[in-house]
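Before any comments, here is the structure.
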Amino acid sequence: MNPLLGSLPMRKTLLGVLAAAALLILPFVAALGGQAWVRIVDFAILYVFLALGLNIVVGFAGLLDLGYIAFYAVGAYLWALLASPHFGIHLPFWVILPLGAIVACFFGVILGAPTLKLRGDYLAIVTLGFGEIVRIFMNNLNAPINITNGPQGINMIDPVAIGGFKFSAPSTIFGITFSGPQKYYYLLLLLVLAVILVNYRLQHSRIGRAWQAIREDEIAAKAIGINTRNMKLLAFAMGASFGGIAGGIFAAMQGFVSPESFSLIESVMILAMVVLGGMGHIPGVILGAVLLTILPELLRYAVVPVQKALFGEVLADPESLRMLIFGLALVLVMRFKPAGLWPSPDRRRELAEKAR
Amino acid sequence: MSVMDVAKEVLLEAQAVAKHFGGVKALRDVSLTIRKGEIYGLIGPNGAGKTTFFNCMTGLYIPDGGGFVFDGAPLKANAPHQAAERGIARTFQNIRLFGNMSALDNVMVGCHVRTRKGVFGAVLRDRSTREEEAAIRRRAEELLHYVGVEDRAEDLAKNLSYGDQRRLEIARALATDPKLLCLDEPAAGMNGTETEELRVLIEGIRDDGITILLIEHDVKLVMGLCDRVAVLDYGALIIEDVPAVVQHDPRVIEAYIGVAA
Amino acid sequence: MDIFLQQIINGLVQGSIYAMVALGYTMVYGIMGLINFAHGEVVMIGTLVAITVVTFLLKLGLPVWLAGGLGIVAATAACMLLGWSLERVAYRPLRNAPRLTPLITAIGMSIVLQNLAMMIWGRNYMTFPPLVEKTQFEVGGAAFTSVQIMIVLVSAISMGGLLFLVYRTKLGMAMRATAQNPSVAGLMGVNANRVISSAFVIGSALGAVAGVMVGTYYEIAHYQMGFMLGLKAFTAAVLGGIGNLAGAMAGGVLLGLIEALGAGYIGDLTGGFLGSHYQDIFAFVVLIFVLMFRPSGLFGEKTGDRA
């Protein structure tokens, strides 16, 4: 036996153990920079979750969805309405979270059923419009009956809690003190591992193959008996459900929701994560989501000191400079890595052949 | 018509199928009958409406008149995936494989319509799902072997040679377990040896009990292979009979020479 | 009745603006199949450039008509240059990239332009100096202003000019040929790069004019104004059938009318449940319904499945 080959699985196991350890201590490493960084890491994971949900729609089934944030909003508002003083209802998370998934899924089917036959770019604008409709309703449904509390949003939303164990407040377990964001981190990590598993297994299944076939050639897919409409609807509904779950967690984590968090630019950002990372390729999508969450934050901290060091004063408005750099980064990555930073091997090959 | 022919059951009946695009009448009330177990040829000059007929039958086009009865029940118009479910499989004149999927995956996805596991099975990977998946893989490997491209199983479909792509497309169609296999110009662009191999393959498929509808330009191949032949010209059926009769029919000769001249 | 007439007038004006912007989207889409998400920002830059130039010239003591004219010229030139560079720098290298790649680039450019504008012009609303003396007219109980008349007239003239260009000149023929089939057009000696550049430049010029019109109409401008305007205009283009010039024009006017009438009557229609602040949803609701029944837009060609 070749000793090198023999050591490969061992090396893989070792790498796995190291990665797991790193993930476990990450919230404490991040805490060295302050709890704000733990929260940023939490958001990175939440976005990974969202991006992987959208990846099912865009990456697997090839449906361009520019209104994905609407499902996130539905989940978030559902949580806000069912677990806050706004209506005085306080349902536990294990009721709201599945409910959020179901309601978001329902919205996905309502939007998808009549529109999924549309050609790619037409679907994009329809989903975009749907996202805007949802946002506008949330912004205005405070009169004549106050449902969403309009632009002010809903406050004092219940955190995730299991019995008396609240995820919002610090608690001490085995002599280690976990802050609220740190506890959410582990919850999110668990959820995101689940969604990674779902993504991976779907991709390598009868369903995943059918999606890929539709993406490659819809007519041929129909001709071999794939019900393309139902398969697309399935992808759409699944993506929507994941969006709904993420939205619920978001509402609980923030304790506050308002329509502002669900603008088109958010949909666009999540799509950018999927495409920039490498559409349809799970590790790529994760990378894209993490980068696009962390990069603007890093810039937020770097923009002022770097300007001071270079010019001795703050010349440009830090907020716009940071977004400007972010926009440029999107453009540059697409210019030099058109298939994304970490595309699937097939897609890389496809592109190399086109270039020839 | 011999006694044996009558005894054979009808598999597909086209009843006065009509289709027009704008003012062009692509099909004028075409009626024909395909019987179980035969190789049925559909020929005609370019633009005679052969592929249009195919597309109507497999649900890609909605006929403007008439319809199809398949295996005892009418075929729904405009429902390609249902045609496949009922047992009609097809290949395309200009090969439509899933180019960025491996040859094996192309055939595995062909099994889609005969398998059932959904999202929950895929995510949970319970025993019955794993068994179904293994069965799909076995079946796909068998079919690759059957058409003779088993060596290329892991290659992307688009990287296969032209002849292998044609054969792979047939394997994918067979994966749907069809009763009727429709081949749209399978010999187009093939050399003599490849055409001969194709002939053997088609006969083998028929011997396995699958009825075959063959659209072909290569008249020699059709006449040598088919049990019965129909000729379309300008969207109308001009004759439907055994090759020996069709070959000598003056209308057929005129249709072909008329075009050639 | 007077509300009806009034809203028709308002809708027509707003619709002319949408149509002008929609043309920029549709030309680029028709020729290269790209949703140029940054087009709304080009319009915004046009408005802000016009404000700066006009305000400066007025301070120098130039008469309003001259300052205004030069302002439009400057805005148009700036936008044409911007449109040209956008294509050259950001999109051209991605001709053979996967379909979504240029879309992300467009989004990136949109973010860049918006923030660049904020750095240059600040985050406050700016007042647009009046270019046309505002006189009010009244017909049948509905009021309209000279500004509104100007907007409709200028749009009509610009769009007429565009149609002439596309259907009566050599460049227009090259554009139509490329839209039909780029590779065949290339074989016939059409320079695809030039055609695509022209589409961007012409679309941006129309956008600049639209930007000045928006500024004159609402009398204010802001670095974020391009976003919603672009979104609506794109919706209009899709409504009419994207890639189709007449469709974009009709879609724009139609969208303006729908919005205006919708805002005027939504209260009555829903028994007071929904108010006029739902104006923005009309565009999208109508779009979804139209596409459900006409999947290629109102005037788009039917693209059937081909085997």
Please find, among A:ILE136, A:ILE102, A:ILE125, the residue that is within 23 Å of the chain's Cα centre (by Cα), within 14 Å of another protein chain (Cβ to nearest Cβ), assigned to a helix (DSSP H, G or I) and surrounded by fewer than 24 Cβ atoms within 10 Å (Cβ to Cβ).
A:ILE136
Considering only residues that are surrounded by 20 or more Cβ atoms within 10 Å (Cβ to Cβ) and either at pLDDT 95 or above or of a type in the set (A, V, I, L, M) (or both), which ones fall in the range B:134-153?
B:ILE136, B:ALA140, B:LEU143, B:LEU144, B:VAL147, B:VAL149
Listed residues A:ALA76, A:ALA31, A:ALA83, A:ALA36; which is under 19 Å from the mean Cα position of the chain (by Cα) and open to solvent by less than 50 Å² (accessible area, probe 1.4 Å)?
A:ALA76
Selection within the range C:165-184 - over 24 Å from the mean Cα position of the chain (by Cα), within 13 Å of C:MET32 (Cα to Cα) and open to solvent by less than 70 Å² (accessible area, probe 1.4 Å)
C:ASN181
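Is it true that some residue in the range B:90-100 is open to solvent by 70 Å² or more (accessible area, probe 1.4 Å), in contact (Cβ under 8 Å) with a residue 24 or more places away in the chain and not aliphatic (A, V, I, L, M)?
First, the residues of the range B:90-100 that are open to solvent by 70 Å² or more (accessible area, probe 1.4 Å): B:93-94.
Next cut, in contact (Cβ under 8 Å) with a residue 24 or more places away in the chain only: B:93.
Subsequent filtering for residues that are not aliphatic (A, V, I, L, M) retains B:93.
Yes, that holds for at least one residue.
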So, of the residues in the range A:212-232 that are more than 7 Å from chain B (Cβ to nearest Cβ) and of a type in the set (A, V, I, L, M), which turns out to be nearest to B:LEU181 (Cα to Cα)?
A:ALA221
Checking the condition within 14 Å of another protein chain (Cβ to nearest Cβ) and out of contact with any Asp or Glu (no Cβ under 8 Å at 6 or more places or on another chain), which residue from C:ILE157, C:ILE107, C:ILE72, C:ILE151 passes?
C:ILE107
Within the set of pairs 6+ apart or on separate chains, which have a first residue in the range B:104-133 that is at the interface with chain A (Cβ under 7 Å from one of its Cβ atoms), a second that is assigned to a loop (DSSP other than H, G, I, E, B), and C-beta atoms under 6 Å apart?
B:GLY110/A:ILE224; B:GLY110/B:ALA175; B:GLY110/B:THR176; B:HIS112/A:ILE226; B:VAL113/A:GLY225; B:VAL113/B:THR176; B:ALA122/A:SER205
Might you let me know whether the range C:56-67 holds any residue that is without any contact (Cβ under 8 Å) to a residue 40 or more places away in the chain and of a type in the set (Lys, Arg)?
yes
Could you please let me know if A:PRO144 is within 12 Å of chain C (Cβ to nearest Cβ) and surrounded by fewer than 17 Cβ atoms within 10 Å (Cβ to Cβ)?
yes
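Of everything in the range A:184-210 that's within 10 Å of another protein chain (Cβ to nearest Cβ) and more than 17 Å from A:ALA51 (Cβ to Cβ), which residue is most open to solvent (accessible area, probe 1.4 Å)? Break it down stepwise before answering.
Let us first name the residues in the range A:184-210 that are within 10 Å of another protein chain (Cβ to nearest Cβ), namely A:194, A:197-210.
Narrowing the set further to residues that are more than 17 Å from A:ALA51 (Cβ to Cβ) leaves A:201, A:204-210.
Details: A:ARG201: 57, A:HIS204: 94, A:SER205: 8, A:ARG206: 26, A:ILE207: 7, A:GLY208: 8, A:ARG209: 18, A:ALA210: 0 Å².
Here the residue is A:HIS204.
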When you check B:ARG96 against the structure, is it within 8 Å of another protein chain (Cβ to nearest Cβ) and under 12 Å from B:ALA173 (Cα atoms), yes or no?
yes
A:PHE256 meets each of (1) surrounded by fewer than 24 Cβ atoms within 10 Å (Cβ to Cβ); (2) within 14 Å of chain C (Cβ to nearest Cβ) with one exception, condition (2)
Scan the range B:232-246 residue by residue and report those that are open to solvent by 50 Å² or more (accessible area, probe 1.4 Å) and either of a type outside the set (Gly, Ala, Ser) or closer than 15 Å to B:ALA48 by Cα (or both).
B:TYR234, B:LEU237, B:GLU240, B:ASP241, B:VAL242, B:VAL245
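From the set of residues in the range C:114-130 that are more than 8 Å from chain A (Cβ to nearest Cβ) and assigned to a helix (DSSP H, G or I), which is nearest to A:LEU315 (Cα to Cα)? Before the answer, list the steps.
First pass over the range C:114-130, keeping only residues more than 8 Å from chain A (Cβ to nearest Cβ): C:117, C:120-122, C:124-130.
Checking which are assigned to a helix (DSSP H, G or I) leaves us with C:117, C:120-121.
Numbers: C:ALA117: 15, C:ILE120: 11, C:TRP121: 14 Å.
Taking the candidates together, the pick is C:ILE120.
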Condition test on C:LEU82, is it within 14 Å of another protein chain (Cβ to nearest Cβ), surrounded by 15 or more Cβ atoms within 10 Å (Cβ to Cβ) and not charged (D, E, K, R)?
no
Turns out the helices (runs of 4 or more DSSP H) fully within the range C:1-100 with at least 1 residues that are in contact with a strand residue (DSSP E or B) (Cβ under 8 Å, 6 or more places away or on another chain) are C:2-32, C:39-59
Right, A:GLU297: surrounded by 14 or more Cβ atoms within 10 Å (Cβ to Cβ), closer than 26 Å to A:ARG39 by Cβ, within 12 Å of chain C (Cβ to nearest Cβ) and of a type in the set (D, E, K, R) or not?
no
Given the options A:MET1, A:MET10, name the one that is in a helix (DSSP H, G or I) and modelled with pLDDT under 90.
A:MET10
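The values are calculated or read from the model by the stated rules, or taken from the named source; none is laboratory data. The shown structure was predicted, so the numbers you read here are calculated from the model rather than taken from an experiment. For neighbour counting, all protein chains shown are included, and Cβ atoms are generated from backbone atoms with ideal geometry for every residue, glycine included. These area figures cover heavy atoms from the full protein model, side chains too; ligands, DNA and RNA do not enter into them. Shrake-Rupley method; radii C 1.70, N 1.55, O 1.52, S 1.80 Å.
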